[in-house]
Amino acid sequence: MPDVQKKVEEIYQQVVRRNPGELEFHQAVKEVIDTLGPVLKKYPHYAEHKVIERICEPERQIIFRVPWQDDSGEVQINRGFRVQFNSVLGPYKGGLRFHPSVLLGTIKFLGFEQVFKNALTGMPIGGGKGGSDFDPKGRTDAEVMRFCQSFMTELHRHLGEHTDVPAGDIGVGAREIGYLFGQYKRMTNRYESGVLTGKSPHWGGALVRREATGYGAVYFAEEMLKTKGDSLAGKVCVVSGAGNVAIYAIEKIQQLGGTVVACSDSGGVIYHERGIELDTLKQIKEVERKRISVYADIHHDAKFIPSGSIWDIPCQVAMPSATQNELDGTAAKKLVSNGCIAVSEGANMPTTPEGVRVFQESGVLYAPGKAANAGGVATSALEMQQNATRDAWSFEHTERRLHEIMIEIHRACYETSAEFGATGNYVLGANIVGFKRVAEAMVAFGLI
Ligand code: GLU
């Protein structure tokens, strides 16, 4: 094994040893540092400054108790997290995830990915992530409000528009951001718009923030297809999930002339050959907060498949937009054999390492989440920009900025993959671009 490769492997083993049991964090670290060998060779000063070792260690990790009372008066206890991973490029920035599966290792994997993703956007934002094992599903608005107030009562002391700026993620949308912002304002006696993003446009939120992650991931797919002289027009697509990312990925695919034949939630898959009716999906998910199975009760030509994999449905473009590790090697093989030519990740780390290998070996255009879904956080940075100047931009202007940013991220990843002799390897391109931007600042700042 060449020297640098050995060094990188040692760093990974150290991460595993020092963070026992945090499998998703190990996976995210491995995926990045496996591609960094050529960078260390080209820029030996990164190794001298132990940049990789430092990047793998969060600057600060906060874990706290979140007590609250449900509607029946029963006391509930959840755990809150905020992992402030890296702040050399700007204040910690990244979402909050409320989901029963959340563990420290989950937040660390998300925070680690966020550092590179945020660097890729070219905006002045560091990386962090937070959340809780609280499950908002089935909870009333009043319960969600009490939980959010308790969560923010502890978290507020660690935040600030120049310090740490959370946003949404799975289980955290405009409703939760509203309750969190209200409590932050009350605790601090400050109307500090830029302390949270993903706010409602009625009180400081950016237009397009809701749409941005899904739209951005579709723009990235379109850019990848362009490198082959192709486009989304006329393509059959499958988008997993039915949350914020999936809904707006579907919307943008439809605008660009593609047909989305399937989407999903944890209860099953909806297959609608003539194309998903977006208004129905939005009504079910955004207004009524119901399960996706209801869709088939409304559209009788659609099929609800309660078990089985969405990736068995033939498509040319796949957009995993639900959650981590939702697409494994078997699913990837199925997609390839069904004629899939492009995969753009709306979710964070939705494809397993084996799945990624299958796509890369089969010549599928494959965009990792940290590049493809960066439009969400990039638009959060645009929201911070508007808040800092007490401005509010139009939908058209903001969407144009998002589009430009996604084109630029694609260009940087593509050109870097070519520079390192692996043209079209977006995993390598994204990791190297993000890493170099963070590493340069870390070296410049000295040992901090
Ligand atoms: N949670 C989103 C992500 O994974 C957005 C974070 C943000 O807007 O700060 O990038």
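The values are calculated or read from the model by the stated rules, or taken from the named source; none is laboratory data. Keep in mind that this is a model prediction, so the values were computed, not measured. Counting neighbours? That spans all protein chains shown, and the Cβs are built from the backbone with ideal geometry, glycine included.
Quick rundown of the values:
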read-out	value
Residue count for region 55-112, restricted to those that are surrounded by fewer than 22 Cβ atoms within 10 Å (Cβ to Cβ), among the aromatic types (Phe, Trp, Tyr) and either touching a Leu at 6+ places or on another chain (Cβ under 9 Å) or under 23 Å from residue 197 (Cα atoms) (or both)	1
Members of region 346-357 that are more than 11 Å from the ligand (Cβ to nearest atom) and not basic (Lys, Arg)	350, 351, 352, 353, 354, 355, 356
Those residues of region 113-157 which are surrounded by fewer than 18 Cβ atoms within 10 Å (Cβ to Cβ) and in contact with a Gly (Cβ under 7 Å, 6 or more places away or on another chain), in sequence order	124, 154
Strands (runs of 3 or more DSSP E) wholly inside region 47-106 containing at least 3 residues that are at pLDDT 95 or above and within 16 Å of the ligand (Cβ to nearest atom)	75-86, 92-98
Matching residues in region 231-273 - criterion: being assigned to a helix (DSSP H, G or I), buried (at least 20 other Cβ atoms within 10 Å of the Cβ) and out of contact with any Asp or Glu (no Cβ under 8 Å at 6 or more places or on another chain)	244, 245, 246, 249, 250, 253
Residue match in region 407-427 (condition: within 23 Å of residue 164 (Cβ to Cβ), surrounded by 15 or more Cβ atoms within 10 Å (Cβ to Cβ) and under 22 Å from the mean Cα position of the chain (by Cα))	no
Every pair of residues 6+ apart whose Cβ atoms lie under 7 Å, when the first sits in region 200-228 and is under 17 Å from residue 260 (Cα atoms) while the second is at pLDDT below 95	none
Any hit, region 181-189, residues being in a loop (DSSP other than H, G, I, E, B) and free of Cβ contacts under 8 Å to residues at least 12 places away in the same chain	yes
Odd one out for residue 422, checked against (1) without any contact (Cβ under 8 Å) to a residue 60 or more places away in the chain; (2) part of a helix (DSSP H, G or I); (3) away from the ligand (no atom under 14 Å from the Cβ)	(2)
Failed criterion for residue 284 (all others in (1) surrounded by 20 or more Cβ atoms within 10 Å (Cβ to Cβ); (2) closer than 18 Å to residue 373 by Cα; (3) in contact with a helix residue (DSSP H, G or I) (Cβ under 9 Å, 6 or more places away or on another chain) hold)	(2)
Evaluation of residue 109 against (1) more than 12 Å from the ligand (Cβ to nearest atom); (2) assigned to a helix (DSSP H, G or I) (one fails), failing number	(1)
Per-region count, region 334-344, residues among the hydroxyl-bearing types (Ser, Thr, Tyr) and assigned to a strand (DSSP E or B)	1
Only listed residue being of a type in the set (A, V, I, L, M) and assigned to a helix (DSSP H, G or I), chosen from 318, 322, 331, 347	331
Residue ID - surrounded by the most Cβ atoms within 10 Å (Cβ to Cβ), chosen from residues in region 202-230 that are over 23 Å from the mean Cα position of the chain (by Cα) and basic (Lys, Arg)	226
Residues located in region 112-125, provided they are within 11 Å of the ligand (Cβ to nearest atom) and not in a helix (DSSP H, G or I)	123, 125
Qualifying residue in region 294-315 (condition: under 26 Å from residue 407 (Cβ atoms) and in a loop (DSSP other than H, G, I, E, B))	yes
Every residue from region 358-398 that is within 13 Å of the ligand (Cβ to nearest atom) and either among the small types (Gly, Ala, Ser) or not in a helix (DSSP H, G or I) (or both)	368, 369, 371, 372, 373, 374, 375, 376, 378, 380, 381
